[in-house]
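Trainee: For reference, the structure I am asking about is given below.
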Amino acid sequence: MAGRPITLLALAGGAGSGTSTIGRALAERMPGTAVVHLDDCYHTDIRLAPTVPAFDGGGRIVDASDPRSLDPARITAAIGRHAAARLIVVEGVFALALEQVRLRAGWRAYVEAPADIRLARAALRKIEAGRNARHVLRGYLERGRTAHERHVAPSRAHADIVLDGTCPVPELVERLRRLTAGRRPAGPARSAGRAGAAPSADR
């Protein structure tokens, strides 16, 4: 991807904030947009990532609450598969925490939502998928809350825009459409000063 204009939007937010839904809706709204879900880019080999005990007692599993569990090679490959896309949306809880994504992004957005709403959405998603919602609740209590405070919430400072995740999805999509319709970035963003920058708030 070196040498080509950056057409990447990094879309981050806590688990259950709505980044996946917003990313898919943006792709539907803007033809030529591709979405990379970081949930699909975790290491699958427990020898290569931080691990935690499985809730069902079946040994250890990759710790999805730790950004070190994401596989840089899988991320690069996933982005590369959409090199011809007009816009590539990389969405996931660690989209702004990972320099690999953040520094390649022409635009950065953070979706903010109250913890109770995020937790309820995540649990409901598990239930609707026929899976055990207890794992969501235990994961949040044992690791998720701490991981959010340590890795995800601080990444908000890198955002160009902060979206209210309780607003209607079409409204959020339109804001992102307007954001990415602006001046096309000529290259990867510089990291200097980003952490202290004040993002525009969608309030």
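Trainee: Residues to consider are Ala85, Ala78, Ala105, Ala95; find the one that is farther than 18 Å from Gly13 by Cβ, touching a strand residue (DSSP E or B) at 6+ places or on another chain (Cβ under 6 Å) and assigned to a loop (DSSP other than H, G, I, E, B). Show your work before the answer.
Mentor: Numbers: Ala78 fails: assigned to a loop (DSSP other than H, G, I, E, B); Ala105 fails: farther than 18 Å from Gly13 by Cβ; Ala95 fails: farther than 18 Å from Gly13 by Cβ.
Result of the check over Ala85, Ala78, Ala105, Ala95: Ala85.
Trainee: Now for a different question. From the list Arg74, Arg102, pick out the single residue that is among the basic types (Lys, Arg), modelled with pLDDT of 95 or more and within 17 Å of Asp160 (Cα to Cα).
Mentor: On the way: Arg74 fails: within 17 Å of Asp160 (Cα to Cα).
Of the residues listed, the single one that is among the basic types (Lys, Arg), modelled with pLDDT of 95 or more and within 17 Å of Asp160 (Cα to Cα) is Arg102.
Trainee: Taking Arg121, is it outside any strand (DSSP E or B), touching a residue at least 60 places away in the same chain (Cβ under 8 Å) and over 27 Å from Pro72 (Cα atoms)?
Mentor: On the way: outside any strand (DSSP E or B): yes; touching a residue at least 60 places away in the same chain (Cβ under 8 Å): yes; over 27 Å from Pro72 (Cα atoms): yes.
When the stated conditions are applied, Arg121 passes them.
Trainee: Let me ask another. Ala73 fails exactly one of the following numbered conditions: (1) assigned to a loop (DSSP other than H, G, I, E, B); (2) over 30 Å from Pro170 (Cα atoms); (3) without any contact (Cβ under 8 Å) to a residue 60 or more places away in the chain. What is the number of that condition?
Mentor: Going through the list (1) assigned to a loop (DSSP other than H, G, I, E, B); (2) over 30 Å from Pro170 (Cα atoms); (3) without any contact (Cβ under 8 Å) to a residue 60 or more places away in the chain, Ala73 breaks only (1).
Trainee: So if I check each of Val62, Val111, which one is touching a strand residue (DSSP E or B) at 6+ places or on another chain (Cβ under 8 Å), over 17 Å from Val152 (Cβ atoms) and of a type outside the set (D, E, K, R)?
Mentor: Only one candidate passes the filter, namely Val62.
Trainee: Looking only at strands (runs of 3 or more DSSP E) that lie completely in the range 8-67, which have at least 1 residues being of a type outside the set (S, T, N, Q) and without any contact (Cβ under 8 Å) to a residue 24 or more places away in the chain?
Mentor: Hits in the range 8-67: 51-53, 60-62.
The values are calculated or read from the model by the stated rules, or taken from the named source; none is laboratory data. Quantities reported herein were computed from a predicted structural model and do not represent experimental measurements. No Cβ is skipped: glycine too gets one built from the backbone with ideal geometry, and neighbour counts run over all protein chains shown.
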